Amino acid sequence: MRLQVKRALPIYWLDDETVRIGAQQGITQELKDPAGELRALLPLLDGTREVDELLDVAGRALPILTREQLRAGIAVLDDCGLLEDASRYDDLPERLHANQSFFAAAAANTSSPANVAQRHISDSHVLLLGLGGGGSASLPLLLALGVKKLTIVDYDVVEASNLNRQTLFRTTDLGRAKVDVAVEYAHSFAPDVCISAINQRISGADEVRQLGIDGDAIICAIDEPPFVAQRRVNAAAVALDVPAVFLLSQHTRGRIFSVIPGESGCMDCLQIHDEVNTDDFLPQYRALMSPDRAGATAALAPHIQRLISFGIDEVVRLITRYAPPFAVGKQVEVDYIAGTLGTVMEWGRQPGCPTCGERDAQYDHIFEIAPL
Ligand SMILES: [Zn+2]
């Protein structure tokens with residue numbers, strides 16, 4: 001381990017005896033240094049030395065302190081969340097250095113799991129279902145995060161009506177398969193990415209399962225047929241034991257929820273929860289599934305980007321646990337007009353769930369409305 005003051009933190013002296021590390025209120029440490037020890041030690045914490053060598057050099061700079069006192073002093077700086085291991089950057093391409101600096105900044109100390117978050121992302125395999133508004137906005141974020149293995153699935157071609165919000169596509173792409181444009185973008189952005197593109201409409205949970213993800217997260221950005229598509233992805237995620245993040249945009253609001261198989265309630269648990277807790281849930285659900293007229297897409301690009309930013313951050317949290325995921329077993333809603341984010345519903349596992357529990361026949365009528 002080669003210790004350094006976290007790259008993200010500025011170091012500046014308020015006077016001869018007072019140093020600040022960090023700039024923003026609430027995450028800045030102000031340290032007193034009447035004996036000049038920090039003034040001698042901080043420049044040595046530059047990530048160029050292994051710990052033993054650091055202690056040797058610091059011992060020569062501060063002969064008044066013992067090796068153990070120096071070790072204890074460095075441990076205090078680490079406990080204050082001021083240090084990181086410079087070797088974490090050694091094998092990272094430069095384009096990901098700021099990611100590593102962020103995860104180090106999020107880490108409580110050098111032992112925190114957040115320090116290895118970037119490695120988890122780089123090693124992860126993500127399945128992205130759909131390249132509509134949500135999916136096409138997700139792809140550049142996943143690539144910028146450093147995900148190296150991606151499977152993308154879509155069956156559509158680029159249409160003019162997509163171009164108000166699907167910023168991955170250009171006018172020159174009209175008529176092309178979305179997966180082809182996405183692969184081209186991915187390879188030009190990150191030539192080392194391993195991306196599998198499948199031009200296919202998902203028409204069953206088995207199809208999702210057969211994609212054979214050995215992976216770390218599924219992003220469900222498909223919504224056709226309504227509810228059925230998400231139920232299929234949910235069933236596959238539970239069968240594969242892979243966490244899934246669901247992204248939905250309707251009218252003037254977007255929603256995010258996550259399913260961790262075996263831990264949280266799944267989407268079918270949510271339907272049981274709704275039936276048990278919401279008056280007239282089933283008649284509304286049934287009517288919505290056979291509308292006289294389906295609603296047209298209504299969305300602005302910045303709103304979709306906002307929804308997807310939260311959604312992909314949730315994916316990163318699930319993969320790395322740099323911080324707790326915020327939408328597990330919760331419907332988190334982005335209100336595009338109010339500009340707010342909030343939890344609108346929480347639900348737990350339902351023992352009678354046909355997908356993640358022991359199917360209870362009393363709930364069968366719920367799942368007949370949008371069968372898999
Ligand atoms: Zn369930």
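Whether any residue in the stretch 329-345 is within 16 Å of the ligand (Cβ to nearest atom) and on the phi > 0 side of the Ramachandran plot is what I want to check. The answer is yes; a qualifying residue exists.
Selection of first residues in the stretch 264-282 that are among the hydroxyl-bearing types (Ser, Thr, Tyr) and of second residues that are open to solvent by less than 10 Å² (accessible area, probe 1.4 Å) and within 13 Å of the ligand (Cβ to nearest atom), restricted to Cβ pairs under 6 Å at least 6 apart or on distinct chains, gives the following pairs, ordered by first then second residue: SER264/GLY329.
Look at the stretch 113-132: where a residue is hydroxyl-bearing (Ser, Thr, Tyr) and a partner is open to solvent by 20 Å² or more (accessible area, probe 1.4 Å), sitting 6+ places away or on another chain with Cβ atoms under 6 Å, you get SER122/LYS148; SER124/ASP216; SER124/ILE319. Only residues that are assigned to a strand (DSSP E or B) and open to solvent by 10 Å² or more (accessible area, probe 1.4 Å) were counted across the stretch 228-259, and they come to 6.
In summary, helices (runs of 4 or more DSSP H) completely within the stretch 100-208 and bearing 3 or more residues that are more than 26 Å from LEU248 (Cα to Cα) occur at 117-122, 178-189. Within the stretch 326-366, being β-branched (Val, Ile, Thr), part of a loop (DSSP other than H, G, I, E, B) and open to solvent by less than 60 Å² (accessible area, probe 1.4 Å) holds for one residue alone: THR355. Candidates ASP214, ASP274, ASP268, ASP241: the one that is within 16 Å of the ligand (Cβ to nearest atom), of a type in the set (Asp, Glu) and under 20 Å from the mean Cα position of the chain (by Cα) is ASP241. Is it the case that the stretch 279-296 has a residue that's touching a strand residue (DSSP E or B) at 6+ places or on another chain (Cβ under 6 Å), of a type in the set (Lys, Arg) and open to solvent by 40 Å² or more (accessible area, probe 1.4 Å)? Looking through the stretch 279-296, none of the residues is touching a strand residue (DSSP E or B) at 6+ places or on another chain (Cβ under 6 Å), of a type in the set (Lys, Arg) and open to solvent by 40 Å² or more (accessible area, probe 1.4 Å).
Residue-by-condition table, conditions (1) farther than 25 Å from LEU163 by Cβ; (2) of a type in the set (Gly, Ala, Ser); (3) crowded, with 18+ Cβ neighbours inside 10 Å; (4) modelled with pLDDT of 95 or more:
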{"residue": "ALA104", "(1), (2), (3), (4)": "yes, yes, yes, yes"}
{"residue": "ALA107", "(1), (2), (3), (4)": "yes, yes, yes, yes"}
{"residue": "GLN118", "(1), (2), (3), (4)": "yes, no, yes, yes"}
{"residue": "LEU131", "(1), (2), (3), (4)": "no, no, yes, yes"}
{"residue": "GLY135", "(1), (2), (3), (4)": "no, yes, yes, yes"}
{"residue": "LYS149", "(1), (2), (3), (4)": "yes, no, yes, yes"}
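Scanning for something under 24 Å from the mean Cα position of the chain (by Cα), hydrophobic (A, V, I, L, M, F, W, C) and within 16 Å of the ligand (Cβ to nearest atom), does the stretch 347-355 turn up at least one residue? For the stretch 347-355, residues under 24 Å from the mean Cα position of the chain (by Cα), hydrophobic (A, V, I, L, M, F, W, C) and within 16 Å of the ligand (Cβ to nearest atom): present.
When GLY59 is tested against (1) over 41 Å from the mean Cα position of the chain (by Cα); (2) outside any helix (DSSP H, G or I), only condition (2) is not met. Contact annotation: residue pairs with Cβ atoms under 6 Å, 6 or more positions apart or on different chains, pairing a residue in the stretch 343-365 that is assigned by TED's automatic domain parsing to the domain that holds ASN277 with a partner that is assigned to a strand (DSSP E or B) and more than 10 Å from the ligand (Cβ to nearest atom), are THR343/LYS330; THR343/VAL332; VAL344/GLN331; VAL344/GLU333; MET345/GLN331; GLU346/LYS330. Within the stretch 260-269, can you find the residues that are under 25 Å from HIS365 (Cβ atoms) and surrounded by fewer than 23 Cβ atoms within 10 Å (Cβ to Cβ)? PRO261, SER264 - these are the residues of the stretch 260-269 that are under 25 Å from HIS365 (Cβ atoms) and surrounded by fewer than 23 Cβ atoms within 10 Å (Cβ to Cβ).
The values are calculated or read from the model by the stated rules, or taken from the named source; none is laboratory data. Everything numeric here is computed off the predicted structure, so don't read it as measured data. Counting neighbours? That spans all protein chains shown, and the Cβs are built from the backbone with ideal geometry, glycine included. Accessible surface areas use protein heavy atoms only, side chains included; no ligands, DNA or RNA. Shrake-Rupley method; radii C 1.70, N 1.55, O 1.52, S 1.80 Å.
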